[in-house]
Amino acid sequence: MELREKIQRKIDNKTKPVGSLGRLEEIALQVGLIQGTDNPQIRDPHIVIFAGDHGIAATGLINPYPQAVTAQMVLNFVRGGAAINVFCRQHRIGLKVVDAGVNADFGHSGGSLAIPSGTPGFIEAKIGYGTRNYLEEEAMSAEEMQKALAKGQTIIEDLFKNGCNCVGLGEMGIGNTSSAALIMSLVTGIPVADCAGRGTGSSDEQLAAKIATLQKVIARHFPGHEMSPATPEKILQSVGGFEIAMMTGAFLKAATLGMVIIVDGFIATSALLLARAMRPAVTDNCIFAHTSGEQGHRKMLDWLGASPVLNLGMRLGEGTGAAMVLPVIRSATAFLDEMASFESAGVDHAG
């Protein structure tokens, strides 16, 4: 008997009408297939937030918030005050915060941005002090891109070695919705005007300026891309962010290790688009947490053929959508493990 059939029979033989637990049954089946067992378990789940700055954000053309907010939010994560901290505490989820490329020095010599050495959950992995302005040049060098991909893989491998088999990826970076929109457009072929959204609260005028700027970026780096699609590596190097590059590497490694991957919102899904272009099977391990309020995310999910678990109108990032869906995944594996079968309960059933 194939594993899929074995798991499905186990699901169908629980004391309930067939299919009556809806998406929970689908999730139980998927997690079992990912883990290669009809008794799947979620162990030591983590959210990993990758933080990085984008050179173009300093121009003020694509975002209303100052770039300094990225570093300030990293401190908020480390101190436990952000939404993701609340949800991780509530749902017993581990949290790691990664400095992938924030334009700030978190050194230990003092100052308002200092993070003490050895601070639990904080990972120093800085590739650079933000990417370069991709209106003028490539966001990162080929060497920086490869370092970021590799570091994302190493972070996930370390979690796995310590017992984690389920990970959600989040991000923080002023300006990163613009990178995500560019990546989405270049991978899917959807015009960038239909990919870009308001990000961190842009007005109508700011959104229009953002779209015009992103159209110039594509014309500069990818002339004629409709006829000759760019490689994911070229896209990442030209318009990506260090945090997006690390998430891309993290997706790839988590899938290789057979981990359950919870995909958060717009920016995280843009990294998945790149990972999928590099290794299509990566999405087999992915559970899509929610539909973001960012306008391009629904189009991304449709293009991937993905069916998200939740739709709460969230667009915060930080991995918050992934944290909210973890209890649902736990419930799916719990019913498969603990719920009585018709035979064990002595309950008659149809057929």
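The values are calculated or read from the model by the stated rules, or taken from the named source; none is laboratory data. It should be emphasised that the depicted structure is a prediction, and the values quoted were computed from it without experimental measurement. Cβ: placed from backbone, ideal geometry, glycine included. Neighbour counts: every protein chain shown.
Worth a mention:
- Apart from one condition, Glu171 fits all of (1) surrounded by fewer than 24 Cβ atoms within 10 Å (Cβ to Cβ); (2) charged (D, E, K, R); (3) modelled with pLDDT of 95 or more; the exception is (1).
- Residue selected from region 42-85 under the condition polar (S, T, N, Q) and farther than 24 Å from Gly107 by Cβ, by the criterion surrounded by the most Cβ atoms within 10 Å (Cβ to Cβ): Asn63
- Residue in region 312-320 that is crowded, with 24+ Cβ neighbours inside 10 Å, touching a Leu at 6+ places or on another chain (Cβ under 9 Å), of a type outside the set (Phe, Trp, Tyr) and on the phi < 0 side of the Ramachandran plot present: no
- Tally, over region 58-113, of residues that are touching a residue at least 60 places away in the same chain (Cβ under 8 Å), hydroxyl-bearing (Ser, Thr, Tyr) and more than 29 Å from Lys210 (Cβ to Cβ): 0
- Within region 328-347, residues that are among the aromatic types (Phe, Trp, Tyr) sit with their Cβ atoms under 9 Å from residues that are part of a helix (DSSP H, G or I), at 6+ positions apart or across chains, in these pairs: Phe335/Ile11; Phe335/Leu24; Phe335/Glu25; Phe335/Ala28.
- Test: residue in region 243-251 that is without any contact (Cβ under 8 Å) to a residue 40 or more places away in the chain and aromatic (Phe, Trp, Tyr): no
- Close Cβ contacts (under 6 Å, 6 or more residues apart or on different chains) running from residues in region 163-191 that are farther than 21 Å from Met278 by Cα to residues that are among the hydroxyl-bearing types (Ser, Thr, Tyr) and at pLDDT below 95 comprise Ile174/Tyr65.
- Scanning region 104-128 for residues being in a loop (DSSP other than H, G, I, E, B) and either polar (S, T, N, Q) or in contact with a strand residue (DSSP E or B) (Cβ under 7 Å, 6 or more places away or on another chain) (or both) gives a total of 11.
- In region 81-95, the count of residues that are over 24 Å from Ile261 (Cβ atoms), out of contact with any strand residue (DSSP E or B) (no Cβ under 8 Å at 6 or more places or on another chain) and at pLDDT 95 or above is one or more.
- Scan of region 121-162 for residues that are buried (at least 18 other Cβ atoms within 10 Å of the Cβ), of a type in the set (Lys, Arg) and either over 19 Å from Asn103 (Cα atoms) or touching a residue at least 24 places away in the same chain (Cβ under 8 Å) (or both), ordered by number: Lys126, Lys151
- Listed here are the helices (runs of 4 or more DSSP H) enclosed by region 265-351 that have at least 1 residues being under 23 Å from Ser178 (Cβ atoms) and within 13 Å of the chain's Cα centre (by Cα): 266-278, 295-304, 320-338.
- Selection of region 34-80 for residues being modelled with pLDDT of 95 or more, of a type in the set (Ser, Thr, Tyr) and under 25 Å from Gln206 (Cβ atoms) yields only Thr70.
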